[in-house]
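Taking it in order: structure first as structure tokens, then the write-up.
The values are calculated or read from the model by the stated rules, or taken from the named source; none is laboratory data. Treat the numbers as computed from the prediction; the structure is a model and nothing was measured. Glycine also receives a Cβ, built like all others from the backbone with ideal geometry; neighbour counts cover every protein chain displayed. Surface accessibility is based on the protein's heavy atoms, side chains included, excluding ligands, DNA and RNA. Shrake-Rupley method; radii C 1.70, N 1.55, O 1.52, S 1.80 Å.
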Amino acid sequence: MSLIVDGVAKRFARFPALNGVSLSAEPGEFLALLGPSGSGKTTLLRVLAGLETPDSGKVLFEGEDFLALSARERRIGMVFQHYALFRHMTVARNIAFGLRARPARQRPPHRQIEETVERLLALVQLEGLGGRYPAQLSGGQQQRVALARALAIEPRMLLLDEPFGALDAKVRKELRQWLRRVHDETGVTTLFVTHDQEEAIDLADRVAILRNGLIEQIGTPEALEAAPASAFVFDFLGDSNRLPCRLQGDLAIFDGFAAPAVRGRDAGAGATTAWFRPHETSLGLGGAGLAVTISDILTRGSMIRVECRGSGGVLFEADYPRDALPTGLAPAVEARLAPRRVFVFAGEAPEATAAQASSC
């Protein structure tokens, strides 16, 4: 393994930011740290960068005791959410800053620095813009400059802290695709902090989901989708519905109908909660299922979301392609809702999302 984090803990006054985090990354891996605000993502990144000292635990990188090295000795490239560019410097001088700031004996020759800047401008698709100032660039272009500056020092590890958080949705999506290509070309071991599930799944080789300063689950995006370890992971990775059920074998039994069930770790038989995705939910005017009343039908690009209410006003959601919405569904119509597949987990369910708040 290129990176090994073993039992790292960090407190700020009475607040435990990290509670003994352990993870590893392979050489050249793109690892996303995903979780809600306060879960410890940025604190872990700052520990790796040498900006915070942990209270306990070990960090090894390429066999070295990383915590024994200064921030400069670690040779980390870091990109922040708000660019942190020097506004009085041109793009080229921003990119070259880390090289020019080295002690004289370690500083590359002037011509070599210029060649490095030109190569990186091409890599981040900003050829010809080296003479501009940050204020003359768009937000997306400024973030590319920040990445080029981080890469200029030939970092051993690249740390990205919510790098697209200040950008609009369209630019974020374009930069995600571009960042993955840059990573594949450079091969630098990369840790990427985000609270955006789609961003993490699109970019990362593996995703580590943090909660309350601990790793809740780590795996490939496909593995997390197929086998979430807990109700928190399932709920955090996407929109979800939930419904009381009784688990019998591999079936979730509801009032008058049943659905195949995927068991999370330590899920036992008996009364529990079934979790299911809107796109794995069927609605019809008859047949088996939970009695609901349709409250709204919303268009979301190529998809349609149907919102409906069960007894007590509990909200459920079902998704359909625009050309596949069952006939007869309309606001105020009574229908039957049935999950096609559910997940069940042991332990306490997480706090409901805003869409489910009325069911708590």
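Things worth noting here:
- Evaluation of Gln112 against (1) surrounded by 12 or more Cβ atoms within 10 Å (Cβ to Cβ); (2) outside any loop (DSSP other than H, G, I, E, B); (3) not β-branched (Val, Ile, Thr) (one fails), failing number: (1)
- Checked against the criterion of being under 30 Å from Phe232 (Cβ atoms) and touching a Pro at 6+ places or on another chain (Cβ under 9 Å), the range 164-179 contains one or more residues that satisfy it.
- One residue stands out among those in the range 228-281 that are of a type in the set (Lys, Arg) and over 24 Å from Asp202 (Cα atoms): the one that is least open to solvent (accessible area, probe 1.4 Å), which is Arg242.
- For the range 129-171, taking the residues that are among the basic types (Lys, Arg) and under 18 Å from Ala84 (Cα atoms), the one that is most open to solvent (accessible area, probe 1.4 Å) is identified as Arg132.
- Residues of the range 282-306 that turn out to be within 16 Å of Pro244 (Cβ to Cβ) and in a strand (DSSP E or B), as a count: 3
- Yes/no for Thr327 being of a type in the set (S, T, N, Q), part of a strand (DSSP E or B), at pLDDT below 95 and surrounded by fewer than 14 Cβ atoms within 10 Å (Cβ to Cβ): no
- Residue count for the range 175-215 under the criterion of being touching a Ser or Thr at 6+ places or on another chain (Cβ under 6 Å) and either of a type outside the set (A, V, I, L, M) or open to solvent by 10 Å² or more (accessible area, probe 1.4 Å) (or both): the result is 4.
- Scanning the range 51-89 for residues that are modelled with pLDDT under 95, on the phi > 0 side of the Ramachandran plot and of a type outside the set (A, V, I, L, M) turns up Glu62, Gly63, Arg75, Tyr83.
- Residue check, Pro155 more than 17 Å from the chain's Cα centre (by Cα) and of a type outside the set (Gly, Ala, Ser): yes
- Residue-level check: of (1) open to solvent by less than 50 Å² (accessible area, probe 1.4 Å); (2) under 21 Å from Tyr133 (Cα atoms); (3) without any contact (Cβ under 8 Å) to a residue 40 or more places away in the chain, Ala96 misses just (3).
For (1) of a type in the set (A, V, I, L, M, F, W, C); (2) surrounded by fewer than 16 Cβ atoms within 10 Å (Cβ to Cβ); (3) at pLDDT 90 or above, each residue gets a yes or a no:
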site	(1), (2), (3)
Gly301	no, yes, no
Cys308	yes, no, yes
Gly312	no, yes, no
Glu317	no, no, yes
Ala332	yes, yes, yes
Leu337	yes, no, yes
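- Restricting Gly35, Gly57, Gly40, Gly63 to those that are over 16 Å from Ser2 (Cα atoms) and over 18 Å from the mean Cα position of the chain (by Cα) reduces the list to Gly57.
- Taken over the range 48-80, the criterion of being surrounded by 20 or more Cβ atoms within 10 Å (Cβ to Cβ), of a type in the set (A, V, I, L, M) and closer than 21 Å to Gly98 by Cβ is satisfied by Leu48, Ile76, Met78, Val79.
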